[in-house]
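Each reported figure results from applying straightforward, stated rules to the coordinates on display, with no laboratory input. These numbers were taken from a predicted model, which means no experiment stands behind them. We place every Cβ from the backbone using ideal geometry, glycine too, and count neighbours over all the protein chains shown.
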Ligand SMILES: [Zn+2]
């Protein structure tokens, strides 16, 4: 009997150890401790100063650009998050920039855009059909503002909380005919040598059976050979001190719960690495795109508490960007959305806010633009979604944008 207990003990210990042995590049954090609709938003740090940020000199061009995209973040998502945190008279971090605009988002073939066509517009300046990534309606492939910046020696980063190969980050470093081809998107993002790629989606970098790739390529090994730090945990993120970095914190999408790093932590680390590299290598600047990708999912699910939590997680990343920009003085921050999701409407009264939803899909509603820093004034007014990267290209004096890929 005693031997049996010892044997069981050994087997039990082996079972505990096994996942560690087997983990290498293939493992995941356990399911989130918290419910995705939890109301606990105690992580949120509201702006201490609830006023507008001061105006800056808008006549000088920015060195760095940080584009933050709240996926599905219509105007009423901002209102909802404000009411749930700082109150009816308060301001979120994203509401502090003194320059705002209004943006229309429709795609080439649909009044209601999807995230692929919207991101293609935001990345390449070209309006295309839903589902297409970095390709115009006539089949022409376009180079994103990120890749054109690379050609001009800028440092670059894509930071998201969904798979890194998802629709919004995809057209910034890939061209494919279908947003679902994440295996191809991941490969192009890596092969286009974005300096920082952070988010979920390890499965698209690994060959079968560990991952989804059928071409037997292990892009994690290839990235290591190419000099990338390939990291999987918050601890590794916070200790990271050099570029380039491939940070894949989940096999599929991130959970947005501990022990993962938060979008704000990924943003802060990336800004430190980018600015350090730009300064020490005398580069012209950097381009970074940050996506709060799960605001959209709360909209699709018509889940109000989830929408509030995802909005405030995104606003914490905006806080990092704005604090960096204020200190740096040469950084333009643009906060916007790709479309509205859910047809969210706010009614009720001060102590009983009534949020109602009108669709499980996207809507054609216009979305906000908040801009801070040198060049910000160019984003004021009513804007088309295709104008965003065109204005950035103008500010950086890149000639001929949009750029068709001819080779
Ligand atoms: Zn969506």
For the range 81-140, what is the Kirkwood estimate of the hydrodynamic radius, computed as the reciprocal of the mean inverse distance between distinct Cα atoms, to one decimal in Å? 13.5 Å
Added length on full extension, which subtracts the Cα-Cα distance from 0.36 nm per residue, residue 300 to residue 88: 73.8 nm
Cα-based equivalent ellipsoid, the range 135-197: semi-axes from gyration tensor eigenvalues, Å: 18, 15, 9
Scattering profile of the range 175-239 at q = 0.15, 0.28, 0.29 Å⁻¹ [log10 I(q)/I(0), Debye over alpha-carbon scatterers]: -0.48, -1.38, -1.42
Arrange the following residues from fewest to most other Cβ atoms within 10 Å of their Cβ: 303, 260. 303, 260
In whole angstrom, the spacing between the Cα centers of the range 218-267 and the range 61-91 equals 26 Å
If one builds a Gaussian network model of the chain from Cα atoms under 10 Å apart, the most fluctuating residue listed among 393, 173, 119 is 393
Residue 102 and residue 397 label points (each 7 Å along its Cα→Cβ direction) are spaced in nm at 3.5 nm
Using DSSP, restrict attention to beta bridges with both residues in the chain and report what percent are antiparallel, rounded to the nearest 5. 35 percent
Mean separation of Cα contacts under 8 Å (6+ apart) over length of the range 259-407, as relative contact order %: 19 percent
Which value, in Å to one decimal place, does the Kirkwood hydrodynamic radius take for the chain when every pair of different Cα atoms is included? 21.6 Å
Log entry: pair-distance distribution for the range 281-407, C-alpha pairs binned every 10 Å from zero, whole % per bin is 10, 33, 32, 19, 5, 1
Could the peptides 183-191, 350-358 be put in order, highest first, of the mean number of other beta-carbon atoms found within 10 Å of their residues? 183-191, 350-358
Two decimals is fine: what's Rg over Rh for the range 49-197, C-alpha atoms, Kirkwood radius as Rh? 1.01
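In what order do 233, 107, 115 fall by count of nearby beta-carbon atoms within 10 Å, going from fewest to most?
The order, fewest Cβ neighbours first, is 233, 107, 115.
Remind me, relative contact order of the chain in percent, using alpha carbon pairs under 8 angstrom and six or more residues apart?
28 percent
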Given a cut-off of under 8 Å on Cα pairs at least six residues apart, what relative contact order in percent is computed for the range 146-246? 23 percent
Candidates 238, 80, 219; GNM for the chain (alpha-carbon contacts under 10 Å) flags as most fluctuating 238
Length gained when the stretch residue 279-residue 405 is fully extended (0.36 nm per residue, less Cα-Cα span): 42.3 nm
Simple SL model, points at 7 angstrom along Cα→Cβ for residue 226 and residue 109; separation in nm is 3.0 nm
Checked the range 266-340 against the a/c 1.5 cut and the a/b vs b/c comparison, axes a ≥ b ≥ c from its Cα gyration tensor; verdict prolate
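Multiplying the sequence separation of residue 151 and residue 35 by 0.36 nm and subtracting their Cα-Cα distance, what value in nm do you get?
Numbers: separation 116, 0.36 × 116 = 41.76 nm, distance 4.35 nm.
Separation in residues times 0.36 nm, less the Cα-Cα distance, equals 37.4 nm.
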Using alpha-carbon positions, what is the distance between the centroids of the range 380-407 and the range 328-354, in Å? 25 Å
Separation of the residue 140 and residue 218 label points, Cα + 7 Å toward Cβ, nm: 4.2 nm
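Can you give the FRET efficiency for residue 351 and residue 49, using 1/(1 + (r/R0)^6), R0 = 22 Å, r = Cβ-Cβ distance, to the nearest 0.05?
It comes out at approximately 0.30.
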